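Engineer: There's a structure below that I have some questions on.
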Amino acid sequence: MSKRKLLLIDDEVPLLELLTMHFSDKGHEVKSAATATEGLAICRAFAPEIVILDIRLPDVDGLQVLQKLNRINKSGKTIMITAHHDMETTIKAMKLEAYDYVTKPIDIDELEQAVNKALRLSTSVNHEAITTSDTLQKDTIIGRSKQMQEIFKTIGILSGNKVTVLIEGETGTGKGLIAQAIHEHSLNKESPFLVVNCAAIVEPLFESELFGHEKGSFTGALFTRKGKFELAGKGTIFLDEVGDIPLDSQAKLLRFLQEKEFERVGGEKTLRAEARIIAATNRDLWGMVRESAFREDLFYRLSVARISVPPLRERREDIHILAKHILRKLCPEVGKKIRRIENKALMKLKEYNWPGNVRELENILTQAATAARSDVIQEEDITPCFRKQEYRPNQAVEPLRLEDAEKHQILKILEKTNWRLAVAAHTLGISRPTLNSKLKKYKIEPN
């Protein structure tokens, strides 16, 4: 069996050496480059099946390199690696047909899994090209957790088509932001993004809200009114809490999804629309189908693509960056300049069960910032804001002592690098003497 060809492009020479050694040991033919210019030259002659590309290079931006790789190496797959965890870069990379996106410090098992998956697809036809779009101008989605990184990738993919999307998740998880991100990264981002809160519309007016009505079609219909489907044009209609749509109206929504046709209430003329539907729910729609409370055929039409948003308690590693982002946003509102959160207060946030998810986190931080008497949010500012029945310290999933977390991470990296101290120090982002000092401090010795 011939060797599979890999190209590594990264300006961190120790990391290049580590990855070259690792993938060579796995039986691959590996070439490396420390600059974009060198990497592109090698790619033309070498024709790698997989390119592992750093997004920050000294001579050319990694996203520009990705576009060039797509042109000169059409059958290959590119895996982006970066020390940055922001949503915008992830979305742009996925829309430019990056196969995957792995963050530093590199988890070699995760990277190898991505390489193996890409190799299985390296001879298949490329996906349809996805174009870049401008950055989001409104609220952004924050998250470094694996679950959120996967959602960012999915947003990038879905923004290149117009399939119907069902977003599932608890109240306060950010389903509306995800819907808005898909729209604002799509080719029709200049068209309207219209929100319909299905739970807030009384049943007799639901069809009028979606489809519009003719003058005199019912009591109070004093003039002809366009519904959301007409007003949206080629844009997006976001059906929030779609599980609350009345059964009678579900049939008409189904027809629109099937044929893109509808009539206004009281009208005879058939109208067409090209709006995309993104629906969201905090309910178990399939359970409602089994109980005959929701149409099965409509469920399948709505869930062509599905995004499951994890509750905040399942991605506690995001709480710190979420808190910092929220505080930057709310400081002008509360008239304070909050500079940091005390470690004990941060631990309280991570121990809480978060029944209200990110929305509750924003509410609690607003209360705490308002109560704070300095530019630091302290434990006593946070604690009174919690629902007492939801504060369960024994459920915390992360080590409560920072020293325990540091020791755990050092041991993990040492195992992954087979106790090669120079490589481990580089992966951890510290010097060799610092690593030696920490090994002595935590009494870490080879088995």
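The values are calculated or read from the model by the stated rules, or taken from the named source; none is laboratory data. Quick caveat, the model's predicted, so the values are computed rather than measured. Ideal geometry is used to build each Cβ from the backbone, glycine not excepted, and the neighbour counts take in all protein chains shown.
Engineer: Within the stretch 1-29, restricting attention to residues that are in contact with a helix residue (DSSP H, G or I) (Cβ under 6 Å, 6 or more places away or on another chain) and more than 18 Å from Gln113 (Cα to Cα), which residue is surrounded by the fewest Cβ atoms within 10 Å (Cβ to Cβ)?
Structural biologist: For the stretch 1-29, the residue satisfying everything is Pro14.
Engineer: A follow-up question, please. Quickly run through the stretch 424-438 and pick out the residues that are assigned to a helix (DSSP H, G or I) and over 14 Å from Leu18 (Cα atoms).
Structural biologist: Arg432, Pro433, Thr434, Leu435, Asn436, Ser437, Lys438
Engineer: Here is a follow-up. On the given criteria, is Glu230 more than 30 Å from the chain's Cα centre (by Cα) and on the phi < 0 side of the Ramachandran plot? Lay out the reasoning, then the answer.
Structural biologist: Details: more than 30 Å from the chain's Cα centre (by Cα): yes; on the phi < 0 side of the Ramachandran plot: yes.
So Glu230 fits the description; yes.
Engineer: Look at Gly174 and say whether it is over 20 Å from the mean Cα position of the chain (by Cα) and either assigned by TED's automatic domain parsing to the domain that holds Trp354 or surrounded by 22 or more Cβ atoms within 10 Å (Cβ to Cβ) (or both).
Structural biologist: No: the conditions fail for Gly174.
Engineer: Consider only pairs whose beta carbons are under 6 Å apart and that are at least six residues apart or on different chains; among these, list those whose first residue lies in the stretch 413-435 and is closer than 22 Å to Glu110 by Cβ and whose second residue is among the hydroxyl-bearing types (Ser, Thr, Tyr) and part of a loop (DSSP other than H, G, I, E, B).
Structural biologist: Cβ pairs passing all conditions: Val423/Thr417; Ala424/Thr417.
Engineer: Now for a separate question. Could you go through the stretch 87-97 and let me know if any residue there is at positive phi, without any contact (Cβ under 8 Å) to a residue 60 or more places away in the chain and in a loop (DSSP other than H, G, I, E, B).
Structural biologist: yes
Engineer: Looking for something in contact (Cβ under 8 Å) with a residue 60 or more places away in the chain, of a type in the set (A, V, I, L, M, F, W, C) and in contact with a Ser or Thr (Cβ under 8 Å, 6 or more places away or on another chain) - is there at least one such residue anywhere in the stretch 67-79?
Structural biologist: So far as the stretch 67-79 goes, no, none of its residues is in contact (Cβ under 8 Å) with a residue 60 or more places away in the chain, of a type in the set (A, V, I, L, M, F, W, C) and in contact with a Ser or Thr (Cβ under 8 Å, 6 or more places away or on another chain).
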